[in-house]
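Notes for the one structure printed next.
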Amino acid sequence: QFPFGRRLPCDIYWHGVSFHDNNIFSGQVNKFPGMTEMVRKITLSRAVRTMQDLFPLEYNFYPRSWILPEEFPLFVAEVRMMKDSDPSWKPTFIVKPDGGCQGDGIYLIKDPSDIRLTGSIQSRPAVVQEYICKPLLVDKLKFDIRLYVLLKSLDPLEIYIAKDGLSRFCTEPYQEPTLKNLHQVFMHLTNYSLNIHSGNFIHSDNVNTGSKRTFSSILCRLSSRGADVKKLWSDIISLVIKTIIALTPELKVYYQSDIPAGKPGPTCFQILGFDILLMKNLKPMLLEVNANPSMRIEHEQELSPGVFENVPSPVDEEVKVAVIRDTLRLVDPQKKKRKDIQQNIDSCKNEVNVRHNYFMCSRCQTLEPVSGAKEELLEAGRAERADQDATKGAEPGLPSLCLKQVFPKYAKQFNYLRLVDRVAALFIRFLGVKGTTKLGPTAFRTFIRNCKLSNSNFSMASVDILYIDITRRWNSMGIDHKESGMCLQAFVEAFFCLAQKKFKSLPLHEQVASLIDFCEYHLAALDEKRLVCGRG
């Protein structure tokens with residue numbers, strides 16, 4: 001440990017809180033710049049909402065959310081409208097402070113008028129969500145799942161999920177919310193840091209019992225009841241990939257700001273904690289994402305009044321030690337060097353096959369072009385071999401990896417969702433000054449001009465009005481006042497407006513995809529023209 005920093009360079013830096021814990025210029029660091037900001041409740045809700053606008057069915061794993069205080073009138077109006085259309089609807093809502101953790105400041109309400117708007121909500125913004133009233137119960141108790149996810153790389157995107165996680169239980173039997181039980185936190189809130197103070201909390205040396213258990217023990221129990229555990233895992237993997245796809249556009253903006261392309265700097269990886277709730281029908285719902293999940297493998301036990309000692313927790317140890325151990329194995333710089341050498345050897349051997357998409361027919365010993373179907377089989381085979389290679393690991397005597405690669409392994413199933421990633425690439429291209437995260441008015445006009453988006457119906461004066469209106473509104477929400485200009489979320493909103501103007505008859509995701517193609521085409525033509533001029 002080097003609490004005051006270290007002069008000599010390291011292969012791997014393990015920061016306690018964020019990327020900026022120390023100034024580093026090489027090696028690998030276990031935090032991405034901007035991740036702490038991106039997984040705050042408001043920012044996460046905004047990122048997922050953008051994806052819900054584009055792909056509502058694919059992102060229905062996140063509860064309907066409103067941001068307070070700015071969306072309080074909208075929240076009141078929408079709840080009133082839904083109640084009018086369905087008088088039998090008796091909702092419960094959960095209010096979560098934006099920067100809160102460990103259950104701090106969370107409370108349940110039955111009506112928008114119950115929100116504590118005076119004082120605290122103005123100084124401490126929050127998210128209010130529909131409360132999931134029908135969770136899956138085990139032993140009559142509500143529980144959630146903490147899954148550990150390794151974001152190994154941002155570009156190219158590389159995601160691993162731990163094969164086991166933690167199940168954290170409430171300590172009072174669950175009942176659907178009523179005015180009488182709304183305030184019973186040990187019944188409704190699964191946070192370990194809250195329930196540890198309950199007299200009913202059970203510390204157990206057995207991973208199958210107690211108030212904290214392994215997720216695999218829950219899966220075994222569900223499987224014995226005939227539940228489709230494979231489908232459940234598939235749904236969870238899908239939820240994780242889609243959530244990270246929602247976060248990556250803004251993470252890339254933060255990344256280029258702290259580690260500009262073409263300059264020496266560290267690479268990043270990060271262990272994230274996904275908190276997931278299973279509904280009664282086994283549908284997984286995302287509760288939140290933690291940038292700094294606790295990696296403690298012990299708990300405090302009171303021996304006598306005021307006297308505590310740290311006692312090992314077998315459940316935490318079984319899950320967390322494996323996650324950290326295998327994260328270090330995956331990012332091992334020596335392993336990467338060995339892999340690069342092997343890849344160079346393989347590429348020399350298979351240069352014709354790889355470069356020209358040909359394969360050797362084993363019977364006739366001739367080269368044939370790879371068909372679409374055969375290419376898919378080859379891709380599947382390569383992904384399977386990569387997974388097997390990762391599982392074997394390079395270290396004899398160590399257990400197989402507990403981290404399973406899910407991206408790019410399943411990239412073909414999810415790449416169509418990465419529209420906002422492409423919008424972010426346009427945004428970053430026009431940022432101009434390295435180290436900035438906001439677009440100035442001149443840069444926005446250059447984007448419009450270079451992509452041929454202005455015409456007789458949409459003049460440059462209209463462009464300026466669009467820029468001013470959207471930027472002013474986003475800045476009024478208290479989004480990072482350190483630098484002036486248009487943030488990525490504001491640019492995405494402006495881009496959606498432009499797409500709806502230009503391609504009126506299409507669904508939103510097709511409008512946005514069409515405008516991205518349109519912009520990329522004109523920018524590629526401009527780059528080609530500049531290249532030709534440069535040669536001339």
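Taking Thr43, is it over 15 Å from the mean Cα position of the chain (by Cα) and open to solvent by less than 90 Å² (accessible area, probe 1.4 Å)? No, not satisfied.
Listed conditions (1) touching an Asp or Glu at 6+ places or on another chain (Cβ under 7 Å); (2) modelled with pLDDT of 95 or more; (3) not assigned by the TED database to the domain that holds Leu251 are all met by Val423, apart from (1). All of (1) open to solvent by less than 70 Å² (accessible area, probe 1.4 Å); (2) acidic (Asp, Glu); (3) in contact with a strand residue (DSSP E or B) (Cβ under 6 Å, 6 or more places away or on another chain) hold for Asp316 with one exception: (3). Scanning region 519-536 for residues that are surrounded by 13 or more Cβ atoms within 10 Å (Cβ to Cβ), among the hydrophobic types (A, V, I, L, M, F, W, C) and either more than 13 Å from Leu419 (Cβ to Cβ) or without any contact (Cβ under 8 Å) to a residue 60 or more places away in the chain (or both) gives Leu523, Leu526. Against the numbered list (1) open to solvent by less than 80 Å² (accessible area, probe 1.4 Å); (2) over 30 Å from the mean Cα position of the chain (by Cα); (3) at pLDDT below 90, Met477 comes up short only at (2). The condition of being hydroxyl-bearing (Ser, Thr, Tyr), open to solvent by less than 20 Å² (accessible area, probe 1.4 Å) and either in contact with a Pro (Cβ under 8 Å, 6 or more places away or on another chain) or not assigned by the TED database to the domain that holds Glu37 (or both) does not hold for Thr437.
Scanning region 458-468 for residues that are out of contact with any Lys or Arg (no Cβ under 8 Å at 6 or more places or on another chain) and outside any helix (DSSP H, G or I) yields a total of 1.
Matching residues to (1) open to solvent by less than 20 Å² (accessible area, probe 1.4 Å); (2) in contact with a helix residue (DSSP H, G or I) (Cβ under 9 Å, 6 or more places away or on another chain); (3) not in a helix (DSSP H, G or I):
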| position | (1), (2), (3) |
| --- | --- |
| Phe444 | yes, yes, no |
| Arg449 | no, yes, no |
| Lys452 | no, yes, yes |
| Ile470 | yes, yes, no |
| Ala490 | yes, yes, no |
| Phe495 | yes, yes, no |
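Between Lys242, Lys231, the distinction of being part of a helix (DSSP H, G or I), farther than 19 Å from Val423 by Cα, of a type in the set (Lys, Arg) and at pLDDT 95 or above belongs to Lys231 only.
Please verify whether Ser193 is of a type in the set (S, T, N, Q), at pLDDT below 95, under 27 Å from Ile67 (Cβ atoms) and assigned by the TED database to the domain that holds Val48, treating the condition exactly as stated. For Ser193, the condition - of a type in the set (S, T, N, Q), at pLDDT below 95, under 27 Å from Ile67 (Cβ atoms) and assigned by the TED database to the domain that holds Val48 - is met.
The values are calculated or read from the model by the stated rules, or taken from the named source; none is laboratory data. Just so it is clear, the model here is predicted, and its values are computed rather than measured. Don't worry about glycine lacking a Cβ; one is built from the backbone with ideal geometry, like all the others, and counts go over all protein chains shown. Just the protein is used for accessible areas: all its heavy atoms, side chains included, with ligands, DNA and RNA removed. Shrake-Rupley method; radii C 1.70, N 1.55, O 1.52, S 1.80 Å.
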